[in-house]
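**Q** I am attaching a structure below and will ask some questions about it afterwards.
All of the numbers you see were taken from the coordinates with simple rules; none came from a lab. Just so it is clear, the structure is predicted and the values come from calculations on it, not from any experiment. Cβ coordinates were reconstructed from backbone atoms using ideal geometry, including for glycine residues, and neighbour counts include every protein chain displayed.
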Amino acid sequence: MIVETGLHRALTNIIKIGRLSVIYPSGRKECYGAAGAKVEFEICDKGALRKILVNPSIALPEAYSDGRLTLRAGEIYDLVALLFQNAERFQATPSFAIPNLVQVFVQSILSANSRGRSRKNVHRHYDIDERLYRLFLDDDMQYSCGYFESPSMTLEAAQQAKKAHIIAKMNLPKMGRVLDIGCGWGGLAISIAQASPVNVLGITLSERQYEVATKRAAKLGLSNRVEFQLRDYREIDGVFDRIVSVGMFEHVGPSDYSVFFNTVHDLLAHNGVALLHTIGRTGQPAPTSPWIRRHIFPGGHLPSLSEIAPAVEKSNLITGDVETLRLHYAETIRLWRERFAANRARAVDLYDDRFARMWELYLAGSEASFRYLDHVVFQIQLLKSIEAAPMMRNYMYPARMIEGGADAIAA
């Protein structure tokens, strides 16, 4: 009862937005907050309760994944959204804030991603069964934020619009070399080659992504202009007219930001343009969720602009443009969640029910982070020369993209 009372007191002070009911292991039921649709969960055993009180940021999601915390009213997204809307009071509660300080210290030690550690981290997330990703991604396998030119756009249309927007910002030359750092399953590299007669090199640390991307280029007859390699960005040499990186920078880690941007600088031609697309934070630097680092993205870190800008400046690159995409990723993940829910039984067949619960929580937490926390997407254009890009921004929004939407860039 002492542990139950501890959590009860904490939640009484924390939950002011929304309405939450908790059934404790003793059978005791308590309600918190007032207005809004009710979310109710049950903590099934005392062991889970103790862990949640000590370190809720990792113990609560693990309890849900393990089935030791079960929902009685509402869905997992409803619970996560409610908790995130009360996030400031969580951090102001001593018993919950102390573990966060420990996380900051631990992450400062683990954020260095050597080449070996980077390969292991990528393997953990991207080399799991490809059929899982096909359950919720679009046909082009775009595993990053879509670009919603209108609220009614489909996932496929938003991902095509994202690629068109990035390609426009790259201001592709009529010939030359393009480097795609963290090319995923090859969709963007292929679209770049379809948009301009350039040669594209896509690099990844995921063996499965490399295999899929290579087969896709061959099937489309693009192998003579689109090449994929299983290599670390720190191993690349040569000169490239354009460099693009989408959804990879989150895996670099603050201690290697200078290495990343120095490498981009050294690889970029004098009149070259680089485009970085990364999840980030609008607030001050903060640690990644320990649950996410343990179970989803080992080695991951979401940067603030205050962490990116100094490394860019020291590399002698010029920041040509910065755009913040705010709710675009929330809408993208909402559609991913809906697709995953529709295919949940297949995910259980591929893995098990525990994995399905973990993935549901990952998607729910990610969407809610973009709606209620400080998560956004930064698109940062970097130049080697002050004259490398046009003076006005209108080239980034060509009429064909605005009018054509999904048809702007062929899949």
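**Q** Restricting attention to the alpha-carbon atoms of segment 115-407, what are Rg (one decimal) and Dmax (integer), both in Å?
**A** In order Rg, Dmax, the Cα atoms of segment 115-407 give 18.1, 55 Å.
**Q** Something else: Would you mind ranking ARG19, ARG293 by Cβ crowding within 10 Å, fewest neighbours first? Intermediate values should be presented prior to the final figure.
**A** Details: ARG19 18, ARG293 21.
Taking fewest neighbouring Cβ atoms as first place, the list is ARG19, ARG293.
**Q** What is the spin-label model distance, in nm, from SER258 to GLN229 if the labels are put 7 Å beyond Cα along the C-beta direction?
**A** 2.6 nm
**Q** At a threshold of 8 angstrom on Cα-Cα distance, excluding pairs fewer than six apart, so keeping six or more, what relative contact order does the chain reach in percent? Before the final figure, lay out each step's value.
**A** Values: 745 pairs, mean separation 77.7, N = 411.
About 19 percent, as a whole number.
**Q** Would you mind giving the average projected area, over all directions, of the Cα convex hull of segment 181-256 in nm² with one decimal?
**A** On the way: hull surface 20.6 nm².
If I average the Cα hull's projected area over directions, I get 5.1 nm².
**Q** May I pose another question? On each of the three principal axes of the Cα atoms of segment 144-294, give max minus min coordinate, whole Å, ordered largest first.
**A** 43, 42, 32
**Q** Let me ask something else about it. Between ASN316 and ARG9, what length in nm is gained on full extension when 0.36 nm per residue of separation is reduced by their alpha carbon distance? It would help to have the intermediate numbers written out before the result.
**A** Details: separation 307, 0.36 × 307 = 110.52 nm, distance 5.23 nm.
Using 0.36 nm per residue and subtracting the Cα-Cα distance, I get 105.3 nm.
**Q** Neighbour counts of other C-beta atoms within 10 Å: give me GLU307, GLU4 arranged from fewest to most.
**A** Values: GLU307 16, GLU4 19.
Sorted ascending by nearby Cβ count, the order is GLU307, GLU4.
**Q** Report, in deg cm²/dmol and to the nearest 500, the calculated mean residue ellipticity at 222 nm for the chain, where each DSSP H run with n ≥ 4 adds -39500 (n - 2.57) and the sum is divided by the residue count. Working shown, then result.
**A** Details: 18 runs with 196 residues, N = 411.
The per-residue figure over the chain is -14500 deg cm²/dmol.
**Q** So, one more: Considering the convex hull of the alpha carbon atoms of segment 309-351, report its projected area averaged over all viewing directions, in nm², one decimal.
**A** With the hull built on Cα positions only, its mean projection is 5.5 nm².
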